[in-house]
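Data block below; observations after.
Only the coordinates and a few stated rules stand behind these numbers; no lab work does. Being a predicted model, the structure only gives us computed values, none of them experimental. Here the Cβ positions follow ideal geometry from the backbone for every residue, glycine too, while neighbour counts run over all protein chains shown.
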Amino acid sequence: MRLSRFFLPILKENPKEAEIVSHRLMLRAGMIRQQAAGIYSFLPLGKRVLDKVCAIIREEQDRSGAIELLMPTIQSADLWRESGRYEAYGKEMLRIADRHERELLFGPTNEEMVTDIFRSSVRSYKDLPLNLYHIQWKFRDEVRPRFGVMRSREFLMKDAYSFDLDFEAAQIAYHRMFVAYLRTFARCGLQAIPMRADTGPIGGNLSHEFIILASTGESEVFCHRDFLGLTVPGEDVDFADAGALAAIVRDWTTPYAATDEMHDTAAWDALSADDRLAARGIEVGHIFYFGTKYSEPMNAVVTGPDGKDVPVHMGSYGIGPSRLLAAIIEASHDEAGIVWPKSVAPFDVGLINMKPGDADCDAACETLYAELGRAGLDVLYDDQDTRAGAKFATMDLIGLPVQVIVGPRGAKAGEAEIKLRATGERETIPLAAVAARVAA
Ligand code: 5CA
């Protein structure tokens with residue numbers, strides 16, 4: 001992508017409304033634009049990161065055996081009356097009437113709808129286990145939308161829903177998602193800590209929040225330092241091996257960890273002072289087992305091996321991809337701007353032409369642009385005629401992992417400078433070696 005053709009509305013000044021660094025940097029880097037309180041457009045740079053994050057989520061959901069579908073954003077009030085949540089959900093639900101005065105709502109979550117899909121076609125325990133997920137916009141009329149996409153009213157959610165015959169099978173489904181979540185957040189460059197959590201309006205009695213430690217986090221969290229040294233399961237984890245999954249979950253739930261709502265001061269006080277990590281955290285994922293809370297009132301039953309109909313045991317599993325963007329920035333930035341982990345960076349490389357119009361610079365950059373592209377890299381090529389200082393500041397602000405800098409003197413000598421955004425390390429190498437080096 002040539003910067004001259006891209007849409008990157010960078011802000012020079014710090015936006016006043018932004019209280020936390022991720023919000024400030026997302027606005028300054030031209031990733032998002034507020035359209036109404038808590039409602040954002042994702043501009044091209046933001047959209048690219050959102051897509052990368054969603055691709056990782058999708059891969060890990062699919063690997064764990066979940067199946068993707070897409071449910072609508074608009075739901076019927078009658079469906080929610082069946083579970084009793086239409087009235088209970090209160091003011092957070094955006095209620096809508098269509099031209100026939102039929103009551104609709106903009107979905108804040110999808111337990112009812114997915115239960116309806118399930119009951120319309122699944123009859124036998126032989127069709128289980130089943131886990132259906134989608135990535136879809138949600139709306140919650142939050143009292144205090146704030147911090148940009150961290151707590152917005154319209155936000156993207158990956159929500160998965162598992163269906164099983166009994167508690168034992170449902171627990172395996174819960175473990176599958178638990179492990180998939182550990183892998184998902186690690187691949188996004190984050191260290192997420194699972195913590196026992198309150199279930200709130202979703203209901204149920206088994207729940208974990210996945211928390212990123214960050215000083216700007218909204219929740220107060222307490223955990224054992226051991227978490228910082230735990231290894232995340234590899235790509236080869238066997239999702240068909242219930243014992244192996246249970247062992248991973250055991251390792252990740254044994255050290256003490258809780259959000260303030262679930263905090264057990266006696267257990268905390270029993271830890272040595274060195275082991276205690278009291279911090280603030282951002283909830284990036286939340287998983288729930290709630291048994292038959294929806295299947296019973298909504299009559300989602302399957303015929304068991306003994307021929308009797310039983311309501312299915314369900315769980316739901318959420319990740320907020322739009323919030324994740326902000327959480328990644330909170331965890332990875334410096335004074336100059338964002339420092340994207342490679343896996344989610346909007347482009348792999350920023351190619352900077354220090355002097356567009358200079359024949360050597362232009363020729364070297366055109367060659368590099370083509371070579372880097374052929375090496376399978378996504379390149380943002382700054383071909384604009386702007387000051388050197390502005391070019392560097394923009395590249396640092398948008399945080400691409402690698403910068404390739406071509407100036408007139410270097411181009412004449414057949415050299416370019418490579419700069420790693422995370423460490424600031426610089427090295428001058430021959431133009432012909434650039435593509436191989438950056439792709440490595
Ligand atoms: N139905 C369940 C699980 S699918 C559910 O709704 N869970 S939730 O309420 O915990 O939301 C799931 C995830 O969505 C959260 O972990 C968070 O990452 C994200 N999320 C929730 N509210 C917001 C919000 N206002 N802004 C941005 N992301 C949000």
Value of [θ]222 nm, deg cm²/dmol, for the chain, DSSP H segments ≥ 4, -39500 (n - 2.57) each, nearest 500: -9500 deg cm²/dmol
If you take the charge dipole of the stretch 308-416 about its Cα centre, with +1 on Lys and Arg Cβ and -1 on Asp and Glu Cβ, which of 356, 376, 388 is farthest toward its positive end? 376
Output the 0 to 90 degree angle, nearest 10, between the alpha-carbon long axis of helix 242-253 and the longest principal axis computed from the alpha carbons of the chain. 70 degrees
At residue 393 and residue 272, where each label point lies 7 Å from the Cα along Cα→Cβ, what is the point-to-point distance in nanometres? 5.0 nm
Run the quick spin-label model on residue 310 and residue 374: label points 7 Å from Cα toward the beta carbon, then report their separation in nm to one decimal. 6.2 nm
Which residues does a label at residue 144 reach in the stretch 4-43, if reach means a backbone N under 16 Å from a point 7 Å past the Cα toward the Cβ? 18-20, 38
So, in nm, how far is label residue 336 from label residue 2 when the simple model puts each one 7 Å beyond its Cα toward the Cβ? 2.6 nm
What's the FRET efficiency of residue 137 with residue 47 using the Cβ-Cβ distance as r and R₀ = 22 Å, to the nearest 0.05? 0.95
Compute the helix-to-body angle for 321-331: its Cα long axis versus the longest principal axis of the chain, expressed 0 to 90° and rounded to tens. 60 degrees
Around residue 293, under 13 Å between beta carbons, what's the net of Lys plus Arg minus Asp minus Glu among the other residues? -3
Would you kindly state how much longer the chain becomes between residue 386 and residue 62 on full extension, computed as 0.36 nm times their sequence separation minus their alpha carbon distance, in nm to one decimal? 112.2 nm
FRET efficiency, residue 265 to residue 19 (Cβ-Cβ, R0 25 Å, nearest 0.05): 0.25
Convex hull of Cα atoms in the chain, direction-averaged projection (nm²): 24.6 nm²
The stretch 180-230 - charge dipole about Cα centre, Lys and Arg +1 at Cβ, Asp and Glu -1, debye rounded to 20: 260 debye
Only sites in a loop by DSSP and with at most 16 other Cβ atoms within 10 Å count here; which trypsin sites (Lys or Arg not before Pro) in the stretch 101-143 make the cut? 102, 123
To the nearest 10 degrees, the tilt of helix 388-398 (Cα long axis) against the first principal axis of the alpha carbons of the chain is 10 degrees
Give the calculated FRET efficiency between residue 91 and residue 425 to the nearest 0.05, with a Förster radius of 41 Å applied to their Cβ-Cβ distance. 0.20
Can you tell me how the stretch 358-440 classifies by the Cα gyration tensor, rounded, prolate or oblate, using a/c under 1.5 as the rounded cut? rounded
Linear extension gain, residue 10 paired with residue 215, 0.36 nm per residue minus alpha-carbon span: 71.2 nm
Pull out a ≥ b ≥ c, the square roots of the eigenvalues of the alpha-carbon gyration tensor of the stretch 1-133, then state rounded if a/c is under 1.5, prolate if not and a/b is larger than b/c, and oblate in the remaining case. oblate
Beyond a 31 Å Cα-Cα separation, which of these cross-linked pairs lie in this structure: 12/419; 47/391; 52/126; 158/419? 52/126; 158/419
Highest GNM mean-square fluctuation among 109, 184, 428, for the chain with Cα springs under 10 Å, belongs to 428
Answer in debye to the nearest 20: the dipole magnitude of the chain about its Cα centre, from +1 Lys/Arg and -1 Asp/Glu charges placed on Cβ, is 1240 debye
Which value, in debye to the nearest 20, gives the size of the charge dipole of the stretch 1-119 about its Cα centre, when Lys and Arg are +1 and Asp and Glu are -1 at the Cβ? 920 debye
For the stretch 74-181, just say rounded, prolate or oblate: build the C-alpha gyration tensor, square-root its eigenvalues into a ≥ b ≥ c, call rounded for a/c under 1.5, and beyond that prolate if a/b exceeds b/c, oblate if not. oblate
Where does the charge balance sit around residue 67 when Lys and Arg score +1, Asp and Glu -1, over other residues with C-beta under 15 Å from its C-beta? -3
Have a look at 413, 35, 66 and report the one farthest towards the positive end of the charge dipole of the chain, computed about the Cα centre with Cβ charges (Lys/Arg +1, Asp/Glu -1). 413
Would you look at the GNM of the chain, springs on alpha carbons closer than 10 Å, and say which of 327, 173, 214 moves the most? 214
In the Gaussian network model of the chain, springs joining C-alpha atoms below 10 Å, which of 281, 304, 350 carries the largest mean-square fluctuation? 304
Give me the net charge for the shell around residue 176: Cβ to Cβ below 13 angstrom, other residues only, Lys and Arg +1, Asp and Glu -1. -3
Figure the gain on full extension for residue 231 and residue 33 (residue separation times 0.36 nm, minus the Cα-Cα span) and round it to one decimal in nm. 67.6 nm
Which one, 324, 336, 312, is farthest towards the positive end of the dipole of the stretch 312-360 when Lys and Arg carry +1 and Asp and Glu -1 on their Cβ? 312
